[in-house]
Amino acid sequence: MAITWRQHFSPIIREVIAKNQGKPEMEIRRALREAKPSAARSYSSVNAVWLSEVKKQLAVLFPRLATPGKEPPQGNEGKGQIAFDFG
């Protein structure tokens, strides 16, 4: 089954944030950098998806990170998303 990079990264980011709940933002960001998959380090477009998903999930804990008046896209409704098969 093909999934998007966002779908692949989302549970990783969610798990790291859950493990670091209650810690300062900088410590959570450090843990997220350490958990970043190599694909997100290698390709700029994949890195952009990683960073976007990090911002989206951190905005729940740190509302100042949320973009005012704009809801982030959910699931696969963003244009130009490419699905990859990780299996």
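Quick one: in the range 37-87, which of the residues that are at pLDDT 65 or above, of a type in the set (D, E, K, R) and closer than 23 Å to residue 2 by Cα is surrounded by the most Cβ atoms within 10 Å (Cβ to Cβ)?
53
Hey, among the residues in the range 1-36 that are small (Gly, Ala, Ser) and surrounded by fewer than 13 Cβ atoms within 10 Å (Cβ to Cβ), which one's farthest from residue 64 (Cα to Cα)?
Looking at the filtered set, the residue picked out is 2.
The values are calculated or read from the model by the stated rules, or taken from the named source; none is laboratory data. Remember, it's a predicted structure, so these values are computed and weren't measured experimentally. With ideal geometry, Cβ positions are generated from the backbone for all residues, glycine too; neighbour counts draw on all protein chains shown.
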